[in-house]
Every structure is written in structure tokens, then in C-alpha cells.
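Engineer: This is the structure I have questions about; it appears just below.
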Amino acid sequence: MSDRKLALSSASAPGAGSESNSGQQAAYLAFLLLGMIWGSNFLFMKWAADWITASQVALLRVIFGFLPILVVGLATRSLRLAHLRHAHHFIVMALLATAIYYVAFAQGTALLLSSLAGMLSGAIPLFTFVAAWAFLRSEPLNARSVGGTLLGFLGVLLIARPWQGPVGEIAPLGVLYMVIGSLSVGLSFVYARRFVSPLGLPPLALATYQTGFALLLLLAITDLEGMQALFAQPRAAWGLVIGLGLLGTGVAYILYYFIVERLGAVVASGVTYIPPVVALLIGVLLVDEPVRAMDLVAMLAILAGVGLLQAGRRRGGSDIRGGR
């Protein structure tokens with residue numbers, strides 16, 4: 001029997017449709033769960049940053065995120081010694097998509113309200129688009145993509161409010177750190193598309209190598225003195241270990257690649273709409289952070305800009321993966 005006939009007979013087999021539907025339902029549940037996990041990360045970063053440095057926050061987050069990924073990678077036999085011949089690519093990804101990204105976001109969240117930091121994270125697809133256009137020349141330039149990019153960056157500007165000067169309510173340095181983190185992630189997607197995706201390695205293996213090398217990089221640059229102060233604060237400690245590490249890094253990677261496999265990269269990139277809203281709701285409803293009308297307008301501008309940008313990219317046939 002040919003492959004085509006075998007596929008058709010499998011698809012028409014009893015229960016095949018229900019299995020497909022249940023798989024899609026599981027993927028959409030994972031989609032919502034991932035958005036909620038990433039949206040809560042900013043509160044956990046805020047708690048941890050009150051007691052330890054940003055690089056220490058990133059280091060501990062990677063440690064507790066790497067362990068579950070490693071276990072799953074070994075259990076599924078996704079890891080191979082032969083993969084290490086590509087270690088130079090894994091190191092670049094570890095730097096851009098984990099080390100710089102996590103440290104910058106932790107430092108930015110330490111200087112801002114967690115809700116504002118979460119709103120700014122919604123701009124990651126904008127930086128991905130700009131980086132892809134600049135270095136790959138693969139992103140479509142049309143009215144939608146340009147308009148969406150400008151609208152999104154206007155939202156970032158409204159949150160930063162640079163016209164208030166250094167004595168304003170928003171710390172410009174905090175916004176700058178969030179921009180650096182978002183740009184680093186954007187560059188990582190471009191690098192992954194150009195150098196890593198063609199390798200054809202299992203996504204779980206890539207996540208394991210990326211976080212593993214990031215762990216080594218962060219160990220090399222992080223001053224460990226005073227890090228034990230975090231574990232004298234149960235709320236901050238559990239938030240980092242469970243919220244940022246186990247869930248926000250380890251489980252999040254596994255969920256993301258599950259969504260990409262079941263729903264595709266374009267749909268998976270839509271998860272970036274959820275964390276800014278979740279971070280805002282958590283900040284306002286659970287920890288009584290103030291929110292201004294301007295902040296809501298800014299968040300809507302960022303999300304609308306991302307939506308317009310995605311529409312422009314679909315029209316141009318582009319498929320750069322988004323992520324967190």
C-alpha cells in the first residue's frame with residue numbers, strides 16, 4: 001500500500017477524527033496555559049529581584065527550568081552526543097534567547113511595575129519582525145506590516161513616557177532593559193531560522209542544549225554571593241523555583257513545542273497576546289499595582305500593532321516563529 005493510501009485509510013479509520021479533535025483541544029488548552037504561565041512570570045521576577053540580583057534570578061530560573069527539560073529529553077531519547085558538533089550554534093542561542101533575555105527582563109521588571117513589564121513584553125514580535133527584515137530580508141514590507149510595527153512601537157513609547165524626564169513615574173532604564181531583552185529574543189529567532197532550523201534537530205533537544213549552555217554561561221558571569229537570601233523568603237523562593245523555573249522555563253518550553261507540533265508555528269506565535277493581559281490583571285487585581293488609562297491605551301496599541309503585523313506577514317507568506 002502506498003504512503004498516500006495508508007494515510008487516507010488511517011484518517012478514515014474509526015476514532016481517527018475524534019483523536020484529532022482531542023489533540024487539537026489539548027493543544028488549545030496548552031496554548032491558554034502557556035499564556036497564563038508566561039504572564040505570571042513578571043510577578044515572580046519582581047518578588048525575586050527584591051532579594052537577589054537580576055543575573056542570580058536568571059541563573060536560578062535556568063537551573064530549575066533545565067532539569068525537567070533534561071529529564072524529558074533523556075526519557076524520549078531526543079539527545080545525542082553527535083548533536084554537540086553544532087555546539088557553537090547552541091551557545092549563540094543560549095546567549096540571545098536565554099542568558100541576555102532573562103537577565104534583561106529580570107532587571108527591567110525590578111525597576112518597573114510587574115504589570116508594565118508584562119505589557120512591554122508584548123512587543124517581542126515587533127523586534128522579531130525588525131530583526132528578520134534587517135538580517136534576512138525575508139519579511140514583507142507592506143502597509144500592514146509597517147503600520148503594525150509603528151503602532152506597536154508607539155505603544156512602547158506611551159508606556160516609557162520619555163517626555164516626563166528622569167523624574168517621571170516610569171524608570172526609563174527599566175524600559176530600556178525590557179527593550180534589550182525583547183531585541184535579544186528577536187535576534188535569536190532570526191539566528192534560529194538561519195542557522196539552527198536547517199539542522200533538523202528535535203525541538204526538545206534544542207531546548208535542552210540551549211538552556212544547558214545558558215546555565216554554563218550564567219554560572220561563569222554570576223556572583224553567587226548573597227543568593228541564599230532568596231531562600232529566607234518563602235514567597236519569593238517558591239515563586240522563582242516553581243513559577244519561573246519549573247513552569248515558566250521547563251514546562252513552558254515543552255508546552256510551546258507541543259503547540260507548534262499540533263497547531264503550527266503561526267498559531268503558536270499568537271500566544272504572545274496573552275501574557276501582557278495576564279500580567280496586567282495579576283498586577284492590578286492581586287497586588288494592587290496602579291494602572292493608568294494611558295497604560296491601557298499603550299497595551300492595546302502594542303497588541304493591535306502585533307495583530308496588524310501578523311496580518312501583513314500572512315499576506316506576504318512569511319513564517320517566523322514567535323516566542324517568549
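The values are calculated or read from the model by the stated rules, or taken from the named source; none is laboratory data. Just so it is clear, the structure is predicted and the values come from calculations on it, not from any experiment. When we count neighbours, we look across all protein chains shown, and the Cβ atoms used for this are built from the backbone with ideal geometry, even at glycine. Ligands, DNA and RNA are excluded from the accessible area calculation, which covers all protein heavy atoms including side chains. Shrake-Rupley method; radii C 1.70, N 1.55, O 1.52, S 1.80 Å.
Engineer: Based on this model, can you work out whether Gln228 counts as in a helix (DSSP H, G or I) and open to solvent by 30 Å² or more (accessible area, probe 1.4 Å)?
Structural biologist: Against the criterion (in a helix (DSSP H, G or I) and open to solvent by 30 Å² or more (accessible area, probe 1.4 Å)), Gln228 qualifies.
Engineer: OK, next. Please verify whether Leu240 is in a helix (DSSP H, G or I), at pLDDT 95 or above, surrounded by fewer than 16 Cβ atoms within 10 Å (Cβ to Cβ) and touching a helix residue (DSSP H, G or I) at 6+ places or on another chain (Cβ under 8 Å), treating the condition exactly as stated.
Structural biologist: Criteria not met by Leu240.
Engineer: When you look at Pro275, is it without any contact (Cβ under 8 Å) to a residue 24 or more places away in the chain and of a type outside the set (Val, Ile, Thr), yes or no?
Structural biologist: no
Engineer: What pairs can you find where one residue is in the stretch 79-104 and closer than 17 Å to Ser121 by Cβ and outside any helix (DSSP H, G or I), the other is open to solvent by 30 Å² or more (accessible area, probe 1.4 Å) and polar (S, T, N, Q), and their Cβ atoms are less than 8 Å apart, with a gap of 6+ or different chains?
Structural biologist: If the second residue must be open to solvent by 30 Å² or more (accessible area, probe 1.4 Å) and polar (S, T, N, Q), no pairs are left.
Per-residue answers, yes or no, for (1) modelled with pLDDT of 95 or more; (2) buried (at least 20 other Cβ atoms within 10 Å of the Cβ):
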| residue | (1), (2) |
| --- | --- |
| Gln56 | yes, yes |
| Arg61 | yes, yes |
| Ile69 | no, yes |
| Val72 | no, no |
| Thr76 | no, no |
| Ala87 | yes, no |
| Met93 | no, yes |
| Ile100 | yes, yes |
| Ala104 | yes, yes |
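Engineer: Would you be able to say whether some residue in the stretch 108-127 is more than 20 Å from Ala298 (Cβ to Cβ) and in a helix (DSSP H, G or I)?
Structural biologist: Yes.
Engineer: Condition (residue is closer than 20 Å to Asn41 by Cβ, modelled with pLDDT of 90 or more and surrounded by fewer than 22 Cβ atoms within 10 Å (Cβ to Cβ)) applied to the stretch 312-323: is it met by at least one residue?
Structural biologist: No, the conditions are met nowhere in the stretch 312-323.
Engineer: A follow-up question, please. Which ones in the stretch 137-147 are part of a loop (DSSP other than H, G, I, E, B) and either at pLDDT below 75 or under 16 Å from Leu303 (Cα atoms) (or both)?
Structural biologist: Scanning the stretch 137-147 gives Arg137, Ser138, Glu139, Pro140, Leu141.
Engineer: Further question on the same structure: Considering only residues that are of a type in the set (Gly, Ala, Ser) and touching a residue at least 24 places away in the same chain (Cβ under 8 Å), look in the stretch 194-219 and name the one that is farthest from Trp133 (Cα to Cα).
Structural biologist: Filtering the stretch 194-219 for residues that are of a type in the set (Gly, Ala, Ser) and touching a residue at least 24 places away in the same chain (Cβ under 8 Å), the one farthest from Trp133 (Cα to Cα) comes out as Gly212.
Engineer: Next up: So, Ile259, is that one of a type in the set (Val, Ile, Thr), open to solvent by 30 Å² or more (accessible area, probe 1.4 Å), part of a helix (DSSP H, G or I) and modelled with pLDDT under 95 or not?
Structural biologist: When the stated conditions are applied, Ile259 does not pass them.
Quick grid of which residues meet (1) open to solvent by less than 30 Å² (accessible area, probe 1.4 Å); (2) hydroxyl-bearing (Ser, Thr, Tyr); (3) touching a Lys or Arg at 6+ places or on another chain (Cβ under 9 Å):
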{"position": "Tyr177", "(1), (2), (3)": "no, yes, no"}
{"position": "Leu187", "(1), (2), (3)": "no, no, no"}
{"position": "Ala192", "(1), (2), (3)": "yes, no, yes"}
{"position": "Gln210", "(1), (2), (3)": "yes, no, no"}
{"position": "Ala214", "(1), (2), (3)": "yes, no, no"}
{"position": "Thr222", "(1), (2), (3)": "yes, yes, no"}
{"position": "Gln233", "(1), (2), (3)": "no, no, no"}
